[in-house]
Every structure is written in structure tokens, then in C-alpha cells.
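Everything below concerns the one structure shown next.
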């Protein structure tokens, strides 16, 4: 009994390694440049640092405003004093008031 054997093509032994390298290259490229890749992570960390700075600035502004509001809260200032300060800031007077300017 005779058996015929087929000779393998010389390039057939390179098919599996080439396919493996292609798949690894694909995933490697997207690990670097993809939506959640290394470059995107660096950009997200930079944005996070910027937003944290902005939050710190806004928190400081809010604390200043809260301190100013506490000065005007009921019980800490007299109503006449509040009225006087508001009139001074808005530069308004009533029709029955007399304004005296002081020179310093």
C-alpha cells in the first residue's frame, strides 16, 4: 500500500506567527492611542488637574461670599447699618434725605 504525502508550502509555517503579530499589533496600537489608552489617560489626568485648580479657586470665592453673607445675617448687623451700606454702594437716596459730602 502506497501513501501519497503532500508537500507543505514553504510559507505555511509563517501564517500563525504573522496572524499573532497582526492581532498583537492591533491591540497594542489601541492600548496606546485608543479612547482609554495611555495617551487618553495622560490627557484625562491633565484635565483633572485643571478642574481641581478651578474647584479650589471657586471654593475660595465661595468662602469669601459666605463670610460676607454672615456679616449681613439677622442679628449680626443692625438694620439701619445694612440700609446705610446698601445706599452707599448703590449711590441712592430718598427724596426727603439730605446728603452731606465729607472731604478727607
Dividing the alpha-carbon Rg of the chain by 2.2 N^0.38 Å yields what? 2.98
7 Å from Cα along Cα→Cβ at both residue 42 and residue 58: what's the point-to-point distance in nm? 2.8
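Since every read-out is calculated from the coordinates, none of them should be taken as a lab result. Bear in mind the structure is a predicted one, so any value in this text is a computation, not a measurement. Note that we place each Cβ from the backbone using ideal geometry, even for glycine, and neighbour counts take in every protein chain shown.
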